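The values are calculated or read from the model by the stated rules, or taken from the named source; none is laboratory data. Since we're looking at a predicted model, the values are computed, not measured. Because the Cβ atoms are built from the backbone with ideal geometry, glycine has one as well, and the counts that use them run over all protein chains shown.
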Amino acid sequence: MRWSRYFLPTLKEDPAEAETASHRLMLRAGLIRKLSSGIYNLLPLGLRASRKVENIVREEMNRIGGIEILMPVLSPAELWMESGRWHVYGKELMRVRDRHDRFFALGPTHEEVVTDIVRKEVRSYRQLPLILYQIQTKFRDELRPRFGVVRAREFIMKDAYSFHRDEKSLAETYDKMYEAYTRIFTRCGLKFGPVEADSGAIGGDVTHEFMVFAETGESQVLACECGYAATSDTAEGKVPQYRPDEKQKPLEKVATPGMKTVEEVTSYLGKQPWQLLKTIIYNADGQFIGVLIRGDRQINEIKLKRVLNAVELRMADAAEIEKITGGPLGFSGPVGLEGLRLLADRSLEGMVNMVTGANEVDAHYVNVNLGRDFTVKEFYDLSIASEGDLCTRCGRPLRVWRGIEVGQIFKLGTKYSQAMKATFLDEDGKENPFVMGCYGIGITRTVAAAIEQNNDTDGISWPIGIAPFEVLILPTNVTNPELSQTAENIYSELHARGLEVLLDDRDERPGNKFKDADLIGIPFRVTVGEKGAREGIVELRRRKTGEIQRIPKQEAVETVTAVVNKEKSEATVS
RNA sequence: CGGGGCGUAGCGCAGCCCGGUAAGCGCGCCUGGUUCGGGACCAGGAGGUCGGAGGUUCAAAUCCUCUCGCCCCGACCA
């Protein structure tokens, strides 16, 4: 490709709207342009990079027996009503109406559609397992789109679905997917980690997210040296205990005028936040419950929902709290609290002489002790794990890191096949619902994540596997016929050898060309300049390291081809 | 949905409080010239219904009302 005839608009300055490195650089390097909030045009360079990711994904999906199809973006509301998600999915599901007032969804994911295909066409266990996948545009009306294509409302995703006769077969495919994902992200040049996760709106029990390490990532991961890693939504940790051997002191009621928050109460009483027992009243599907947790911990509502098997969960309001506990908001406690189901977080285990609300205005108890002053039967892990909690497997402290979620794999079970009556016949002629799995990869998000991880102050530095071009030829002065000719020759010969080459044939000053070259971050740059021409050499520069190799002009094509191919083969997983 | 902020030339911004003198700056773009190894210089030029609508006023980018869009933080979320 000749730059002068290409469409590659670069920006000198940082666009005001972009905060993160990937967003900034994708705009500056001319990969994307915003059309509307969370909606982006992919320009040629951005499209090439995302096609590279797509092709890696295709190869790896095909390798494990995946079969590519293409489902429509539009799907009729009836299908979503069958699965129940027309109502459950909420506002994130984009809905449109046709001229006959029939409703359609713009697909955010395709469990319903693929299940419909399979229930109509697959009758026998002999046809299983079946893995179908597609690479297609998805729509999710995100509450808050941000970071460019990282959280967009329209984006490209690979979604795969597998159909099985039983759990065992699903488990085999799940493991294959896990390996395929590992290969895919490795080939994309990413540093990442698979972590245990929550299944959210898609459903299912076992699920892993693939997280690309990134400071600016939206997801938090808790990880242990032993290999355990999970998102903050699901991570479990043992909470370190403080002074569990302290002697119990007599219960005492103290005045705490106007002190409502943990911070206010504990500092007023000269205590630490961990010495307080928080009592939070929730309404779960219409039933009120009380959750007890240590003052320095946060309740993880996802865990709470799962324990309660609740669909809707909200905190009680001030009036409800007053009615249930007899005291105002901020002064609740378990002592003397009757007739309310109480759940306690494990952080309370081993606590002695706690501070809690007295269920009356401006009063707290001190030296409250479990078993003596109140009882709780139900103990669960209900808190958000935090840095320093101890790994439940090996006891070492957990560390926190942030990441961008680029893929997730789920074991769905029969959630959709049952709801949509998708069945097959087994050997005994018995009808069974398909056991299903589903597996997503955010294509455009993967491109962004790669940039987030591979950039410096000068711009992007593409991993070879997904670079839009492999080599950039840069003649420093195209008005010099000798340089121009040398560059052209190298360009056409490299091209003929199958390398992806961009020739910067623009009549620009060298400084501008170098700056742009670093910005768009092609892994290898061949500089054809006047300095070298006098000695009959060209320079091969590696973007990542800045390392420069001087090569005789005649050997340029040979050497560059060899270096690029070596880099490519090293980036491939065997 | 709560909180904060911003819409003025393709991009980045000033002007707004205190209405008139005000349609400005830098980059980019076009023409000519000098330049040419890390974002050159000189000269000339094109480009704006100041997000939109309504209002106040002799007069509105500037004040008021409504509205649309965008960004950030939080809540939420494959």
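Observations on the model:
- Residue that is out of contact with any Gly (no Cβ under 6 Å at 6 or more places or on another chain), more than 9 Å from RNA strand B (Cβ to nearest atom) and more than 21 Å from A:Arg48 (Cα to Cα), where the choices are A:Glu530, A:Glu508, A:Glu547: A:Glu547
- Subset tally (residues that are among the small types (Gly, Ala, Ser) and loosely packed, with under 14 Cβ neighbours inside 10 Å) for the range A:222-277: 5
- Matching residues in the range A:520-565 - criterion: being in contact with a helix residue (DSSP H, G or I) (Cβ under 9 Å, 6 or more places away or on another chain) and of a type in the set (A, V, I, L, M): A:Ile520, A:Val526, A:Val528, A:Ala533, A:Ile537, A:Val538, A:Leu540, A:Ile551, A:Ala556, A:Val557, A:Val560, A:Val564
- Condition check for A:Ile537: within 37 Å of the chain's Cα centre (by Cα), surrounded by fewer than 21 Cβ atoms within 10 Å (Cβ to Cβ), free of Cβ contacts under 8 Å to residues at least 24 places away in the same chain and within 10 Å of RNA strand B (Cβ to nearest atom): no
- For the condition in the same structural domain as A:Glu112 (by TED's automatic domain parsing), surrounded by fewer than 23 Cβ atoms within 10 Å (Cβ to Cβ), of a type in the set (D, E, K, R) and not in a loop (DSSP other than H, G, I, E, B), A:Glu493 does not qualify.
- Hits in the range A:7-42 - residues which are surrounded by fewer than 17 Cβ atoms within 10 Å (Cβ to Cβ), closer than 20 Å to A:Asp504 by Cα and more than 9 Å from RNA strand B (Cβ to nearest atom): A:Phe7
- Failed criterion for A:Trp86 (all others in (1) in contact with a Leu (Cβ under 8 Å, 6 or more places away or on another chain); (2) among the hydrophobic types (A, V, I, L, M, F, W, C); (3) modelled with pLDDT of 90 or more hold): (3)
- For the range A:259-278, the candidate set comprises residues that are among the charged types (D, E, K, R) and under 35 Å from the mean Cα position of the chain (by Cα); within that set, the residue that is farthest from A:Thr375 (Cα to Cα) is A:Glu263.
- A:Ser4 meets the conditions (1) over 24 Å from the mean Cα position of the chain (by Cα); (2) surrounded by 14 or more Cβ atoms within 10 Å (Cβ to Cβ); (3) within 16 Å of RNA strand B (Cβ to nearest atom); (4) in a helix (DSSP H, G or I) in every case but one. The failed one is (2).
- For A:Tyr228: the one exception among (1) in contact (Cβ under 8 Å) with a residue 40 or more places away in the chain; (2) outside the structural domain of A:Val206 (by TED's automatic domain parsing): (2)
- Enumerated strands (runs of 3 or more DSSP E) restricted to the range A:375-449, each holding at least 1 residues that are out of contact with any Cys (no Cβ under 8 Å at 6 or more places or on another chain) and closer than 21 Å to A:Leu132 by Cα: A:399-413, A:423-425, A:431-433, A:435-442
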